[in-house]
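Quick notes on the structure that follows.
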């Protein structure tokens with residue numbers, strides 16, 4: 001079946017540091033890829049997405065590029081802020097079975113002033 | 001305001017006592033889904049529904065039931081809860097079952113089964 005592997009956390013950075021959270025996937029079909037963010041006590045919300053190979057998703061300074069050749073969708077941000085502290089989930093939906101969604105284990109990011 | 005609502009937000013119950021967690025969305029979305037979140041396991045899909053009267057199993061459906069009689073509602077039923085169903089549950093909805101659209105999540109229901 002499909003699977004998503006995220007870099008293990010937790011990750012602790014100082015404000016203005018560069019962030020990378022690795023995400024790789026296996027899928028039998030042609031997936032769409034997503035990054036969701038979960039702030040304390042809240043549900044998940046979409047951060048960015050990419051629906052086909054070589055697409056780049058971006059939002060709030062975060063970026064991720066759909067790399068089919070390496071089956072990866074790494075999340076990056078050039079300069080993190082304290083307000084970016086949250087749990088980040090990489091996820092895929094297989095376009096050949098659109099109802100099924102697979103999530104990674106989540107990576108907890110803490111940004112210190 | 002477009003949203004997904006869940007009730008209750010917190011629930012403590014005993015083994016074997018049937019319970020229902022309600023989920024409702026006001027966005028006219030066709031697709032709805034239930035997940036459970038456990039430490040170290042991320043989100044795992046329980047059931048999903050592509051439209052009214054159409055439901056299918058996710059990765060961890062054992063011990064759960066769902067129904068989709070109306071487009072806006074997708075209740076999760078635990079007929080005989082057990083302690084291993086203690087978890088944080090999320091309902092989500094999406095505008096189309098193509099897989100390319102993002103899901104909107106509810107605030108979560110924290111269930112404890114003793």
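Rule-based calculations on the coordinates, nothing more; no lab input. Source: prediction; values computed, not measured. For neighbour counting, all protein chains shown are included, and Cβ atoms are generated from backbone atoms with ideal geometry for every residue, glycine included.
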Study note, to complete from the structure: Neighbour-count ranking for A:74, B:29 (other C-beta within 10 angstrom, fewest to most) reads A:74, B:29
Point to revise | log₁₀ of I(q)/I(0) at q = 0.08, 0.09 Å⁻¹ - the protein assembly as shown, Debye sum with one point per alpha carbon | key: -0.28, -0.36
Study note, to complete from the structure: In whole percents, the bins of 10 Å from zero upward hold the Cα-Cα pairs of the stretch A:1-45 as 18, 44, 31, 7
**Study point:** Within 10 Å of each Cβ in A:73-82, the average number of Cβ atoms from other chains
**Key:** 0
Check your understanding: Which value results when the Cα radius of gyration for the stretch B:1-74 is divided by 2.2 N^0.38 Å?
Key -> 1.15
Check your understanding: For chain B, what proportion of DSSP beta bridges, expressed in % and rounded to the nearest 5, is antiparallel?
Key -> 90 percent
Review point. How big is the stretch A:73-113 by the Kirkwood estimate over distinct Cα pairs, in Å?
Key: 12.2 Å
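Under the 0.36 nm per residue contour assumption, what length would be gained going from the current alpha-carbon distance of residue A:108 and residue A:18 to full extension?
Length difference between fully extended and current span is 30.9 nm.
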Exercise for review: Go ahead and collect, in residue order, the members of the stretch B:10-32 whose backbone nitrogen is under 14 Å from a label point 7 Å along the Cα-Cβ direction of residue B:65.
Suggested key: B:17-21
Review point. Tell me, what is a quarter of the convex hull surface for the C-alpha atoms of the stretch B:15-114, in nm² with one decimal?
Key: 6.1 nm²
**Study point:** Cβ-Cβ FRET estimate between residue B:114 and residue A:96, R0 fixed at 41 Å, reported to 0.05
**Key:** 0.50
Review point. Given springs between every Cα pair under 10 Å in a Gaussian network model of chain A, which of A:42, A:76, A:63 has the largest fluctuation?
Key: A:42
Check your understanding: Could you give the alpha-carbon Rg of the stretch A:35-98 over 2.2 N^0.38 Å, rounded to two decimals?
Key -> 1.17
Revision key, fill the gap. For chain A, the Debye formula with one identical point scatterer on each Cα and no solvent gives log10 I(q)/I(0) at q = 0.10, 0.15 Å⁻¹ as -0.26, -0.59
Point to revise | Shielding by partners, peptide A:36-43 (average Cβ within 10 angstrom, other chains) | key: 4
